[in-house]
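Student: Could you have a look at this structure, given as structure tokens, before my questions?
The values are calculated or read from the model by the stated rules, or taken from the named source; none is laboratory data. Computed from a predicted model, the values in this text were never measured in an experiment. Neighbour counts are summed over all protein chains in view; Cβ atoms, including those assigned to glycine, are modelled from backbone coordinates with ideal geometry.
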């Protein structure tokens with residue numbers, strides 16, 4: 001794989017798929033977007049146009065990008081064989097269901113070029129046993145975070161049979177998009193950010209269920225406490241600034257037991273049963289005052305772009321990883 005334009009097939013046109021089509025198009029590659037749902041394919045162009053407008057408004061779009069140019073760069077394709085024909089990279093973004101993915105990988109194996117790279121956007125599944133063996137050397141996970149046109153993190157994970165050169169090709173490709181790919185040493189469900197987010201989520205649900213604080217208080221603790229320092233330093237560099245001896249004492253003196261992953265939360269159950277399922281319902285932990293989902297998403301993206309620009313302007317603290325750690 002080189003930085004020269006190459007055909008990219010994106011399979012799945014849902015929440016992630018249409019956005020991944022946009023990202024690869026903005027990266028300079030012709031894209032064919034496929035889904036077996038005509039409704040999903042019909043929605044995709046409008047969603048991509050809205051996202052592109054927000055990116056352009058933030059000054060983050062490459063010069064010369066318009067809705068018309070995007071329509072020329074991303075073809076909506078209702079036929080899988082047409083989507084993957086001649087593709088150098090096949091991005092799998094279908095439902096997070098092992099059997100669905102197995103069927104899609106079998107179809108890719110039958111239809112895609114022998115030298116195509118297969119990159120799965122799975123967020124939790126070990127997809128490598130689901131992929132035909134002959135495709136293993138050119139298969140990996142490239143897991144993105146929503147919205148991928150704004151969040152730069154990409155988890156790149158090799159399978160047991162993946163060619164290391166393919167991992168480096170994909171890493172370099174996405175770094176060339178201006179993204180921040182992280183190459184994991186091995187597969188673990190949830191990768192890094194999702195596992196950390198999951199651990200924080202367990203603690204938050206326990207605090208809510210125990211009536212310790214309100215949702216707003218918990219979010220303010222994150223925004224005004226954790227997030228400010230972690231955005232600059234992450235957790236481990238922050239620990240260096242705290243001091244490792246003190247951190248070891250804090251760990252030894254820990255006086256509480258982290259919450260168990262029971263799979264249930266009384267607070268969450270109560271909200272869902274009341275129909276407060278999030279922004280699409282107009283309310284979740286917060287009430288959104290009847291504002292449209294599109295308006296809320298657009299405001300979120302605008303403010304995230306403002307934050308991203310500010311973060312980009314701040315030079316990172318000096319420091320380099322200790323070799324072998």
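Student: Looking at 11, 26, can you tell me which residue is in contact with a strand residue (DSSP E or B) (Cβ under 8 Å, 6 or more places away or on another chain) and in contact (Cβ under 8 Å) with a residue 60 or more places away in the chain? I'd like the intermediate steps shown before the answer.
Tutor: Numbers: 26 fails: in contact with a strand residue (DSSP E or B) (Cβ under 8 Å, 6 or more places away or on another chain).
Answer to the selection: 11.
Student: Go through (1) under 30 Å from residue 161 (Cβ atoms); (2) touching a helix residue (DSSP H, G or I) at 6+ places or on another chain (Cβ under 8 Å); (3) part of a helix (DSSP H, G or I) one by one and return the number of the condition residue 106 breaks.
Tutor: Result: residue 106 fails condition (2) only.
Student: When you scan region 210-325 for helices (runs of 4 or more DSSP H) that lie fully inside it, which ones turn up with 2 or more residues that are within 22 Å of the chain's Cα centre (by Cα) and at pLDDT below 95?
Tutor: 228-233, 293-313
Student: Follow-up question, since we're still on this one. In region 147-186, how many are outside any helix (DSSP H, G or I) and in contact with a helix residue (DSSP H, G or I) (Cβ under 7 Å, 6 or more places away or on another chain)?
Tutor: Residues of region 147-186 outside any helix (DSSP H, G or I): 147-163, 177-186.
Still in the running and in contact with a helix residue (DSSP H, G or I) (Cβ under 7 Å, 6 or more places away or on another chain): 147-150, 153-154, 156, 158-163, 177, 181, 183.
Number of matching residues: 16.
Student: So which of 47, 89 ends up being modelled with pLDDT of 95 or more and crowded, with 18+ Cβ neighbours inside 10 Å?
Tutor: Exactly one of 47, 89 is modelled with pLDDT of 95 or more and crowded, with 18+ Cβ neighbours inside 10 Å, namely 89.
Student: With the condition being more than 20 Å from residue 154 (Cβ to Cβ) and assigned by TED's automatic domain parsing to the domain that holds residue 96, I'd like the helices (runs of 4 or more DSSP H) fully within region 2-79 carrying at least 2 qualifying residues.
Tutor: The helices (runs of 4 or more DSSP H) meeting that bar are 38-57, 67-73.
Student: Out of (1) modelled with pLDDT of 95 or more; (2) under 21 Å from residue 284 (Cβ atoms), what's the single condition that is false for residue 169?
Tutor: Every listed condition holds for residue 169 apart from (2).
Student: Turning to a different aspect of this structure: For region 118-150, give me each residue that is more than 12 Å from the chain's Cα centre (by Cα) and either outside the structural domain of residue 56 (by TED's automatic domain parsing) or within 17 Å of residue 175 (Cα to Cα) (or both).
Tutor: Once the filter is applied, which keeps residues that are more than 12 Å from the chain's Cα centre (by Cα) and either outside the structural domain of residue 56 (by TED's automatic domain parsing) or within 17 Å of residue 175 (Cα to Cα) (or both), region 118-150 yields 119, 140.
Student: Would you check which residues across region 80-94 are within 28 Å of residue 305 (Cα to Cα) and in a loop (DSSP other than H, G, I, E, B) and list them?
Tutor: Within region 80-94, 93, 94 qualify.
Student: What pairs come up if the first residue lies in region 226-254 and is loosely packed, with under 12 Cβ neighbours inside 10 Å, the second is part of a helix (DSSP H, G or I), and their beta carbons are under 6 Å apart, counting only those six or more places apart or on different chains?
Tutor: Note: no pairs meet the criteria.
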